[in-house]
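Notes to accompany the following structure.
Here, each number is a calculation from the coordinates, and none is a lab measurement. Quick caveat, the model's predicted, so the values are computed rather than measured. Neighbour counts run over all protein chains shown; Cβ positions are idealised from the backbone, glycine included.
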Amino acid sequence: MNSIDLNSDMGEGYGPWPMGDDERLARLVSSINVACGFHASDPGTMHRTVRLAKRHGVAIGAHPSYPDRVGFGRRALAATPDEVRDDVTYQVGALWAFCRAEGVPLRHVKPHGALYNAAAQDEALATAICEAVSAIDPELVVVALANSRMLSVARRLGLRAAGEAFADRAYTREGQLLSRREPGAVLHEPAAVAARAVRMARERRITAADGTEISVDAETICLHGDTPGAADLAAAVRAALDGEGIAVRPLRGE
């Protein structure tokens, strides 16, 4: 692979409380996923993040979540597919309005946290999310875990879709993300994270937590903006990709 998208979650602060080094991250990635208010962010933060992306020429995506601000969207909720469809429509619609106000396009939708993980395996939830995206704009790219059920659902419904891999997260042998409750689930060493990203882009493979070699057929690689030292990780990844001649470009989706 001669090019890859590098994305990061941003705009996850609230009011006067920022989270992550969004200013620095925006210079290093090609796409950002903007929190839409349900797990983090607020209208002002969303607007500022869209302006930040516009200033740096970075592609913008919506990052909708379960309504779980206390748990940062990382707790599973017993939401029905209809509730998820409406929640996603509400959140994506809000960010779409800020993009329109700034004269920049909304390019993709990537669910956050527990909703992302649930939709990777639950066809009904995946369908609800994809139906919401399609109703808003069928040209939006759906970003989902590589090789997941949600990716298959998006493509079956005729949506543009992109598989995603995570350079800063450990995997299970089944290709799922290792639970954050498990030791070593989040990776912090820049050199190791950079090497994983290069291998994902070049070979589309990764070593799972138990040593199993697994396929990660991905068009975009994520670095979590809320991870301590995320900007340092992004700098290491970007330098490694550049050094290997792998161009960093916004995703297009199939």
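Within segment 159-170, can one find any residue that is in contact (Cβ under 8 Å) with a residue 12 or more places away in the chain, of a type in the set (A, V, I, L, M), in a helix (DSSP H, G or I) and surrounded by fewer than 24 Cβ atoms within 10 Å (Cβ to Cβ)? Scanning segment 159-170 turns up no residue that is in contact (Cβ under 8 Å) with a residue 12 or more places away in the chain, of a type in the set (A, V, I, L, M), in a helix (DSSP H, G or I) and surrounded by fewer than 24 Cβ atoms within 10 Å (Cβ to Cβ). Only one of these is part of a strand (DSSP E or B) and aliphatic (A, V, I, L, M): 209, 126, 144, 192. Name it. Of 209, 126, 144, 192, the one residue that is part of a strand (DSSP E or B) and aliphatic (A, V, I, L, M) is 144.
Quick one: which residue in 51, 85 is more than 15 Å from residue 34 (Cα to Cα) and part of a helix (DSSP H, G or I)? From the options 51, 85, the qualifying one is 85. Pick from 24, 51: which is surrounded by fewer than 24 Cβ atoms within 10 Å (Cβ to Cβ), in contact with a helix residue (DSSP H, G or I) (Cβ under 7 Å, 6 or more places away or on another chain) and closer than 14 Å to residue 225 by Cα? Within the list 24, 51, the selection yields 24.
Of the candidates 231, 154, the single residue that is without any contact (Cβ under 8 Å) to a residue 60 or more places away in the chain and assigned to a helix (DSSP H, G or I) is 154.
Counting the residues of segment 58-99 that are over 20 Å from residue 160 (Cα atoms), within 14 Å of the chain's Cα centre (by Cα) and among the small types (Gly, Ala, Ser) gives 2. Among the residues of segment 63-78, at least one is in contact with a Phe, Trp or Tyr (Cβ under 9 Å, 6 or more places away or on another chain) and among the aromatic types (Phe, Trp, Tyr). Return the residue satisfying two criteria in turn: it lies in segment 15-46 and is part of a helix (DSSP H, G or I) and among the charged types (D, E, K, R), and of such residues it is farthest from residue 93 (Cα to Cα). Taking the candidates together, the pick is 24.
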